[in-house]
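Remarks on the structure that follows.
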Amino acid sequence: VETIVSHDLIGRIMIQCARQPGLARVLDGLLGFEGHEFYFSTHPELDGKTFEDALYMLPEAVVLGIKPKDCDRVILNPDGDMIFQPGDELLVLAEDDDTYEVGLPSQEELKSWTGKQKDLPKNDVDKLISERVLFIGWRRDLDDMIVQLDEYVAKGSELVLFSQQDIKQRIKSMEDGGLNVAEDLKNLKLNHVIGNSISRRHLQKLKLHDFDSVLILADEQMELDVTKMDSRSLTTLLLIRDIIHRNRPGIKEAPVTTHNKRKQVAAVVDQDRWVRDVLRGETKAAPTAGRKCTIISEILDPKTKLLIQSGSVSDFVASNELISKALAMVAERQEVSQILQEILSAEGHEVYMRRINKYLKAGESLSFFDVMARCRAYNEILLGYMPAGKEEVILNPSQKRKKIEWKRDDLLITLAED
């Protein structure tokens, strides 16, 4: 029996997506049975071959790992010199279980691809720097999320908890969950702020432009009313984007300071109308381009996802839908639970959004397999990419030998251990 703790899984997804813009769309594409998914299969043609060779032998799939015969453990991205034995199962990312097969490349092709590992550009290694993170709302598993975030961030990072809940009650809730802030947190400093997440005035006081990432959580007080909760979360998201946009250099936003009750009611009505217009696509939300802060909102109702996709909102994690997809995948093949647990934790292999300058220079014309070879120099597996200026996620491209002229702002999607 495989067990998935839904709140724990969503907490991990939210944290990872807030720290890596675009990852929410990638994970949405990886989970479920639409698009590309995980498959296990045996291939006698690979017996005696190395894992490194296998990476270039299935042009319609991306090779991810091995499940050895008579072993319950799935090994993601094993050492390149690991040799396939008879009965070993191959783990791949593919469109369907009948859309891929082994296709042996020529020795010239293999030599060409592996030779690309020597052509890496010289780059300074990215250093982990301290971050400022904002959690909006309160979940019953927030203590677990705080511990998980502490594992990701550098020492000296700050987490601000913003909700309407009393601070004493928050501390008691965290302690009841087993979190001793003074002893358990090694990298994070915790600060508490009380406020209303759909009040522009309260949000403005947070100095949102100073945060690296913002997570808007489904508040436990409204979990049973998913429509109301989603409406509140999306209002918060749009307000934050608008406040940050208006706070750009050269733009001075008039502070909302009115104490007149009638004017306050009118402001709320105007705000609600503005949110509805954005979701209908009649009004554009504040742009995301050039924004330092990554904002991720949790939504609960799959119907909300359809609504916001018709507007200009893309920064969200559909938590209940992702859990349903994950459960369906595990029901199909229980080993998928191991894969999800590993890629969604701070330990082991994870999915990363990488800037191309780590692997190649802007303007280089290289195929998917060429770039795969560059990634292998760092012991990473290339899963796909996101073209610059687009929200399109391309996983497991079909033409892996086709040359692509890479742009400076393209992002690579890799499976890596660091």
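Which net charge results for the neighbourhood of I343, defined as the other residues with beta-carbon distances under 12 angstrom from its beta-carbon, given Lys and Arg at +1 and Asp and Glu at -1?
Taking every other residue near I343 into account, the sum is -3.
Can you give me the long-range amide H partners of F316? Hydrogens built in the peptide plane at 1.01 Å from N, cutoff under 5 Å, separation of 5 or more residues or another chain.
The answer is S297.
When the Karplus curve 6.51 cos²θ - 1.76 cosθ + 1.60 is applied with θ = phi - 60°, which whole-Hz ³J(HN,Hα) does each residue of the stretch 161-176 get, with x for Gly and Pro?
Going residue by residue, I get 9, 10, 6, 8, 6, 4, 5, 4, 5, 4, 4, 5, 4, 5, 5, 5 Hz, with x marking Gly and Pro.
Can you run phi through the Karplus equation (6.51, -1.76, 1.60; θ = phi - 60°) for the stretch 370-376 and list ³J(HN,Hα) in whole Hz, with x for Gly and Pro?
Using θ = phi - 60°, the values come out as 4, 6, 4, 4, 5, 5, 5 Hz.
Any chance you could run the full-extension gain for K189 through I83? It's 0.36 nm times the residue separation minus the Cα-Cα distance, nm to one decimal.
Extra length from K189 to I83 when fully extended: 33.6 nm.
Let me know the charge dipole size of the stretch 55-188 about its Cα centre in debye, to the nearest 20, where only the beta-carbon of Lys, Arg (+1) and Asp, Glu (-1) is charged. Intermediate results must be reported in sequence, preceding the final value.
Working: 16 positive and 29 negative charges, 160 e Å.
So the magnitude is around 760 debye.
Net charge near G177, counting Lys/Arg +1 and Asp/Glu -1 over other residues with Cβ under 13 Å of its Cβ? Could you put the intermediate results ahead of the total?
Working: positive: R139, R140, R170, K172; negative: D8, D141, D143, D144, E175, D176, D184, E220.
Summing Lys/Arg as +1 and Asp/Glu as -1 gives -4.
Which one, I296, A318, L366, is farthest towards the positive end of the dipole of the stretch 292-418 when Lys and Arg carry +1 and Asp and Glu -1 on their Cβ?
L366
What's the extension gain from K303 to E151 if we count 0.36 nm per residue and subtract their Cα-Cα distance?
Value of the extension gain: 51.4 nm.
Would you please give the FRET efficiency between F40 and S398, computed as 1/(1 + (r/R0)^6) with r the Cβ-Cβ distance and R0 = 35 Å, to the nearest 0.05? Present the calculation step by step, with values, prior to reporting the outcome.
Numbers: r = 21 Å, r/R0 = 0.60.
Working from the Cβ atoms, E equals 0.95.
Among the listed pairs K67/K292; K155/K292; K186/K207, which are separated by more than 31 Å between their Cα atoms?
Beyond 31 Å between Cα atoms: K67/K292.
Roughly what would the spin-label model give for D225 and K122, points 7 Å off Cα along C-beta, in nm?
Output for this residue pair reads 6.2 nm.
Does the stretch 1-75 come out rounded, prolate or oblate, given a ≥ b ≥ c as the square roots of the eigenvalues of its C-alpha gyration tensor, rounded meaning a/c under 1.5 and, failing that, prolate meaning a/b above b/c?
prolate
Between S213 and residues 5 or more places away or on another chain, which pairs have amide H atoms under 5 Å apart, with H built 1.01 Å from N, and which residues are they?
Under 5 Å from the amide H of S213: R132, L134, T294.
Suppose each label sits 7 Å from its Cα in the direction of the beta carbon; what would the Y378-E101 distance come out to in nanometres?
3.6
Express in whole angstrom the spacing between the alpha-carbon centres of the stretch 356-418 and the stretch 167-181.
Cα centroid to Cα centroid, the span is 43 Å.
Please list 3J(HN,Hα) in residue order for the stretch 348-364, calculated via the Karplus relation 6.51 cos²θ - 1.76 cosθ + 1.60 where θ = phi - 60°; whole Hz, with x for glycine and proline.
Karplus-based 3J(HN,Hα) across the stretch 348-364 equals x, 8, 9, 8, 10, 9, 10, 6, 5, 5, 6, 10, 7, 9, 4, x, 5 Hz.
Please compute the net charge surrounding G137, taking Lys and Arg as +1 and Asp and Glu as -1 over other residues with Cβ under 10 Å from its Cβ.
Charge balance near G137 sits at -1.
Taking the Cβ-Cβ separation of E175 and D47 as r and a Förster radius of 35 Å, what is the calculated FRET efficiency to the nearest 0.05?
The formula returns an efficiency of 0.05 here.
Read-outs throughout are calculated quantities, based only on the coordinates presented, and are distinct from any laboratory measurement. This structure is a prediction, so every number in the text was calculated from the model and none was measured. Glycine also receives a Cβ, built like all others from the backbone with ideal geometry; neighbour counts cover every protein chain displayed.
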